[in-house]
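Engineer: Got a structure for you, written out below as structure tokens; questions coming shortly.
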Amino acid sequence: MLDEGGCGVMEDPLSAHSGKRVLKVMAMSNSLGRGTFNVTPLLRWTFDCVIRHTQSARRRFILHPALLCLVAVTAAWVPDANAGPSVLDGATEAYRRHLIEDLGRALTGAKLLRDRLEAHDLDGAKRAWIESRIGWERSEVFTSGFVPDLDREIDAWPNARHGFHGIEATLFGANRTDAREETDALIAHLADLYAQIHDIPLPPQRLLNGIARLAFEIGGSKADGGESRLSGTSLNDMQSNADGIALAYQIVFSEAFEADAPDLAEAARAAILRLQAAVRVVALRNIESEKLRADSEALVAILRRAAPAIGLDQPALEEAAAQ
Amino acid sequence: MNVRSILCTLALGLLLALPIRYSHSFPLSGDDTILPSGTELNEDALARPREVFHSEFFGGRKSYLVNLGDVAFNSPAVLGGAARQAAMSCATCHVNGVSNPKLFIPGMSTRPGNFDTTSLSFNPKAFNSLLDPIRIPSLRGARYLGPYGHDGRFASLRDFLRNVIVNEFAGAEPEPQILDALVAYIQDIDFLRNPRLGPGGMLAEAYASDAELRGEALFFKPFPRRPTLSCAACHVPTGAFVDHLQHDVGTGGLIKTPTLLNANFNGPYFHDGRYDSYDEVVAHFDGLFDLHLSASDQQDLVAYLTAVGDGERPYERDGVALRMKEISDFISVLEQAIPARDTAVVSLVVATVGAELRELAERFPDHRNAAVSGGQQERRAARMALKDLVLMCRQIELAVSAGRLDEAAGELRKITELTFIPVPALLKKAEPWSLFNAGVHDAHYGALGQMLQPADKSSR
């Protein structure tokens, strides 16, 4: 009787003038039945009663007062008719813990980088720079959309002086260690971000935007060596990006998609695995760029189709600057 | 040596490059790339050779085949090996079907504008253990210029193209319809109109200077020691300034007579690109055939060649309008490919258009680019619109593969509408803050070059 979208009862035998109200109730029941809410048996029983009652041909137009009360109480109890985001809000908090961990890794790496620079240890500084990049790139689902100003300071491209790539030019391009000033600035910006990440709001919609945007970006041509070409770590960036996508999807969205759009959830899971596999190659030159691009775009297309099923908009591939 | 060959050769190299205003160019660093460090593909040039299609010149429109050929010409997927990995296509060397005088690939080029098609890097099977680069020729007017190849080794353009794809660039055996399309595309590329030439390839006297007219007379004058020869004997003015033959002009074998039409924009000259100017070319033939040309004679010949080699508006400024026109033409192929459920063509178009759209999106710098400020919302809107088009194209491919042709057709209608006015309008609004703006372009590539400059490795 219920359609797959959980919000229609098109073949319901109810008459036209009562169908509208029942339709709404059934939509709520449908969400409950799929586990989107952590519903008590009482609530489920209540809605079942309502549905059975209204489906009875004899009592089609008359609801028992007790049932009406039950409906009212239940409706008041249900926190939000938009089921997806409520559940997702909880999941984003779990994701926040990982973000804190990854950005902490980036910050720790940057501090180590400063130590190595002070010791004039070029190789050690390069290793610290690479370590810091891993945490940063894993967080890119979040960083480019949520904190664009800091993103511009930390990961400016192209810029010969500041940010990760300015330091990269000194360490890897010029093989020198005189990047103390730039590294101090990097640490300050990462510390600022690290402080913000503990309580910055993480709306699921914008995280989904971030996943889609990054997935799309991974599919871009790296024939010119990519962003981190001087250090030869563009491939590492891509791998960390793909891992960051997998992490955010798994923690924030997988359960909701599996509940409300299982086919698309399976497709998304497979597409993410394909994306991760596509960048797990020995060297950047071994990437099958056309296949990678197709995989990246297929993933975004799946997320766009699936988003409405959990009450979100289709993910945007660019984030508004002043959100 | 054959006198005729000499004459032909005379004209052969006569191509003087007008002062082309290419903006700052950016070499690949090569640190983690397919192509070696120091490679210059000149992909950031703000001026592009103007492409004139025969079918459009008289008010018609390009056929399905021509547009499909244009798609294939711009698609790395048609090639194989390192070229494909490096995202090179036919259009990398023949920008807009013309040439690329700045292209330089270390180990494969001896100077900008030439390239070794039998190198180890692009197809080991064709490797001849020689560094023997040939200049990148223009394809303007190619339908008049057979045989094909610098030494005229292929009578058929189709055979020549297959050899380029399969043997020179390690591509898979092309589908017959792709070869047909490539032939159709190349045969539709016209010469630029040159109002300085009248019927029969003679100078239009109303426009000609005295020096040019004297040069024309010299061009027809028999060589003193080989009276059966003259420049015009090989570069036949009534026939696109070619004779369709090969001649030995003292450069190491028989070489096909090149056209002089639009040659001002086809430098460097001679089959290996050894000369930069008409002056050098004339001096070469003067010595080869004992012409005993005076300095004045040489100047007159150069003036004549410059008049013959001219063309209207040889370059056009790269920008939103140009890019969107090309993309729309590519997309038009889907109008026939979708109902035919031609999945191979659909995939080729989607891949090529997607790459073009993505590349175009990168022309609108994102928030991380410190080289540009202002217009952030406009840039964002432009990028988003282009990315959405990429996804819509991909959706078409997925739908066609699944047999959902109506859905694919619906997506195509939406794309066609969007690319007609709404998207170009968005891009136009953002163009002042894009890499199409010379100031932004120079700031962007200046910062990039500064960051990646190899010299920085030793001092900064």
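Engineer: Is there a simple number for the mean count of other chain Cβ atoms within 10 Å of the Cβ of residues in A:219-232, and what is it?
Structural biologist: 6
Engineer: Net charge within 12 Å of B:Val98 by Cβ-Cβ distance, Lys/Arg positive one each and Asp/Glu negative one each, not counting B:Val98 itself?
Structural biologist: 0
Engineer: Here is a further query. Work out the mean other chain Cβ neighbour count within 10 Å for the residues of B:370-383 and drop it here as an integer.
Structural biologist: 3
Engineer: With the crude spin-label approximation of a point 7 Å out along Cα→Cβ, what separation in nm comes out for B:Asp290 versus A:Ala277?
Structural biologist: According to this spin-label approximation, the distance is 7.4 nm.
Engineer: Net charge around A:Arg180, counting only other residues with Cβ within less than 12 Å of its Cβ (Lys, Arg = +1; Asp, Glu = -1)?
Structural biologist: After counting each charged neighbour, the total is -3.
Engineer: Taking the Cβ of each residue in B:Asp190, B:Asp132, A:Asp295 as the centre, tally the other Cβ atoms inside 10 Å and list the residues starting with the fewest.
Structural biologist: Least crowded to most crowded, the residues run B:Asp132, B:Asp190, A:Asp295.
Engineer: Sticking with this structure for a sec: Which residues' amide hydrogens lie under 5 Å from the amide hydrogen of B:Ala47, considering only partners 5 or more residues apart or on another chain, with H built in the peptide plane?
Structural biologist: Excluding prolines and chain starts, which carry no amide H, the hits are B:Ser23, B:Asp318.
Engineer: Still on this structure, I have one more. Ranking A:Lys222, B:Lys429 by Cβ neighbours within 10 Å, fewest first, what do you get?
Structural biologist: Going from least to most buried by this count: B:Lys429, A:Lys222.
Engineer: In sequence order, what are the phi-derived ³J(HN,Hα) couplings for region B:157-170 according to the Karplus relation 6.51 cos²θ - 1.76 cosθ + 1.60 with θ = phi - 60°, rounded to whole Hz, with x for glycine and proline?
Structural biologist: 4, 5, 5, 4, 5, 4, 5, 4, 5, 7, 9, 7, 10, 6
Engineer: Name the lysines eligible as straight-distance cross-link partners of B:Lys62: C-alpha to C-alpha under 16 Å, and not fewer than 8 places from it in the same chain.
Structural biologist: B:Lys325
Engineer: Work out from phi, with θ = phi - 60° and the Karplus expression 6.51 cos²θ - 1.76 cosθ + 1.60, the ³J(HN,Hα) of each residue of region A:132-142, listed in order in whole Hz, and give x for Gly and Pro.
Structural biologist: With coefficients 6.51, -1.76 and 1.60, one gets 5, 4, 4, x, 5, 5, 5, 8, 5, 3, 8 Hz.
Engineer: Next up: So if I place +1 on the C-beta of Lys and Arg and -1 on the C-beta of Asp and Glu, and nothing else carries charge, what would the dipole magnitude of region B:312-361 be about its Cα centre? I want it in debye, nearest 20.
Structural biologist: I would put it at about 100 debye.
Engineer: Quick one: order B:His284, B:His247 by neighbouring beta-carbon count within 10 Å, fewest to most.
Structural biologist: Fewest to most other Cβ atoms nearby, the residues stand as B:His284, B:His247.
Engineer: Does region B:319-452 come out rounded, prolate or oblate by the C-alpha gyration tensor, with a ≥ b ≥ c the root eigenvalues, rounded set by a/c under 1.5 and, if not, prolate when a/b is larger than b/c and oblate if not?
Structural biologist: Prolate.
Engineer: Separate question: Reachable lysines from A:Lys111, Cα under 23 Å, same-chain residues fewer than 8 places away excluded?
Structural biologist: A:Lys126
Engineer: Here's something else I'd like to know. Would you pull out the residues with amide H under 5 Å of A:Gly225's amide H, same chain only if 5 or more places away, H placed 1.01 Å from N?
Structural biologist: HN-HN under 5 Å from A:Gly225: empty list.
Engineer: Give the long-range amide H neighbours of B:Ile134: residues separated by 5 or more places, or on another chain, with amide H under 5 Å away, using H modelled in the peptide plane at 1.01 Å from N.
Structural biologist: Result for B:Ile134 returns B:Phe115, B:Asp116, B:Thr117.
Engineer: In addition: How crowded by other chains is A:288-301, given as the mean number of beta carbons from other chains within 10 Å of each beta carbon?
Structural biologist: Counting Cβ atoms of other protein chains within 10 Å of each residue's Cβ and averaging gives 4.
Engineer: Can you list the HN-Hα couplings for region B:410-415, worked out from phi with the Karplus curve (6.51, -1.76, 1.60; θ = phi - 60°), rounded to whole Hz and with x for Gly and Pro?
Structural biologist: Here the 3J(HN,Hα) series is x, 4, 4, 4, 5, 4 Hz.
Engineer: Can you give the helix-only mean residue ellipticity at 222 nm for chain B, where every DSSP H stretch with n ≥ 4 adds -39500 (n - 2.57) and the sum goes over all residues, rounded to the nearest 500 deg cm²/dmol?
Structural biologist: That comes out to -13000 deg cm²/dmol.
Engineer: Under a Cβ-Cβ cut-off of 10 Å, what is the net charge of the residues other than B:Leu203 that fall near it, where Lys and Arg count +1 and Asp and Glu count -1?
Structural biologist: Result for the local shell: -2.
Read the figures in this text as sums done on the coordinates, not as results from a lab. Remember, it's a predicted structure, so these values are computed and weren't measured experimentally. Here the Cβ is made from the backbone with ideal geometry for all residues, glycine too, and neighbour counts use every protein chain on show.
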